[in-house]
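Notes follow once the structure below has been shown.
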Amino acid sequence: MKSAFFGVIVLAAVAVAATPPAEPVTYRFDKVKSKVILVNHEGERRVAEGADAVGGDVVRTGWLGSALVSSPRHNARFEVLSSSEVTLGSDQPGVILRLERGRLKAMFDAFAGDEPRVVATPGALLAVRGTRYGVDVDSKGNASVVVFEGTVEVSSPIGGFEPFAVHAGQMAEYGRGRGPMMREAPKGMDERSWEQRGPKTMDGGHPEGGQAGDGPGMKDGSRSMPHGMGGGKRP
């Protein structure tokens, strides 16, 4: 009995040893404009087009800087715009990039794998299958996501707010300690116009006279909640 027990332990140890280590997620700088800094355990350095990075590295863009960062493993690209900071990878399952502050445009191509593809922001996780969207995060952690193509699932850690889908032509606003609310994107908003000016949700400014947390308007002047969020508390 004792020998059989130790035999199981040995077999288990062999199985663990035979399991290949998880392949590290790598990233590539496909395009670099002006000043872009990469921060990792080796310190800080300015990066150029064609450079590589790995999960855990931090990317900072200058006032005129921008970078197109791709994750070949996830069939995804991220255009990190000026005055932004992102962390590549995360300890959270499925998160391949975290936007700490600033703006980025995410472009996810069709993906055959089962691995989730998630972008983390202060206040919510953004999950997709294949889509294009833009996201802003200001210095206070207030954020907005505008969907140009496809669908983005917004998940908030705040109790009472269930995950909900934001489709092309819609946007969601949220923040640290403030649950997400969905609304229609400003009329005529597309990738080009968003990149040039973006929805003015930073530090309290809102497009077309709207207020943070407004949902699509209703005839009686009230505001609707996204599907699945009716039971949550309105921030």
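Is it the case that the range 175-195 has a residue that's part of a loop (DSSP other than H, G, I, E, B), over 27 Å from ARG73 (Cα atoms) and free of Cβ contacts under 8 Å to residues at least 12 places away in the same chain?
yes
Go through the range 122-138 residue by residue and tally those that are within 9 Å of the chain's Cα centre (by Cα) and either more than 23 Å from LYS31 (Cα to Cα) or modelled with pLDDT under 90 (or both).
Of the residues in the range 122-138, 4 are within 9 Å of the chain's Cα centre (by Cα) and either more than 23 Å from LYS31 (Cα to Cα) or modelled with pLDDT under 90 (or both).
Consider the range 156-183. How many of its residues are surrounded by 15 or more Cβ atoms within 10 Å (Cβ to Cβ) and closer than 20 Å to ALA106 by Cβ?
Summing the residues that are surrounded by 15 or more Cβ atoms within 10 Å (Cβ to Cβ) and closer than 20 Å to ALA106 by Cβ in the range 156-183 gives 15.
List the number of the failed condition for ARG60; all other conditions in (1) surrounded by fewer than 16 Cβ atoms within 10 Å (Cβ to Cβ); (2) modelled with pLDDT of 95 or more hold.
Status for ARG60: all satisfied but (1).
Let me confirm something: among ARG103, ARG117, which residue is crowded, with 20+ Cβ neighbours inside 10 Å, in contact with a Leu (Cβ under 7 Å, 6 or more places away or on another chain), touching a residue at least 40 places away in the same chain (Cβ under 8 Å) and at negative phi?
Sole residue among the options that is crowded, with 20+ Cβ neighbours inside 10 Å, in contact with a Leu (Cβ under 7 Å, 6 or more places away or on another chain), touching a residue at least 40 places away in the same chain (Cβ under 8 Å) and at negative phi: ARG103.
For the range 77-89, what are the residues that are polar (S, T, N, Q) and on the phi > 0 side of the Ramachandran plot?
SER83
Scanning the range 120-138 for residues that are of a type in the set (Ser, Thr, Tyr) and surrounded by 24 or more Cβ atoms within 10 Å (Cβ to Cβ), which turns out farthest from GLY62 (Cα to Cα)?
TYR133
List the residue pairs whose Cβ atoms are under 7 Å apart, where the first residue sits in the range 79-98 and is farther than 22 Å from HIS41 by Cα, the second is at pLDDT below 90 and crowded, with 19+ Cβ neighbours inside 10 Å, and the two are 6 or more positions apart or on different chains.
GLY94/ARG117
Checking the conditions here, which among GLY198, GLY141 is surrounded by fewer than 21 Cβ atoms within 10 Å (Cβ to Cβ), in contact with a strand residue (DSSP E or B) (Cβ under 7 Å, 6 or more places away or on another chain), modelled with pLDDT of 90 or more and part of a loop (DSSP other than H, G, I, E, B)?
Result of the check over GLY198, GLY141: GLY141.
The values are calculated or read from the model by the stated rules, or taken from the named source; none is laboratory data. What you see is a predicted model; the values in this text were computed from it and never measured. Neighbour counts run over all protein chains shown; Cβ positions are idealised from the backbone, glycine included.
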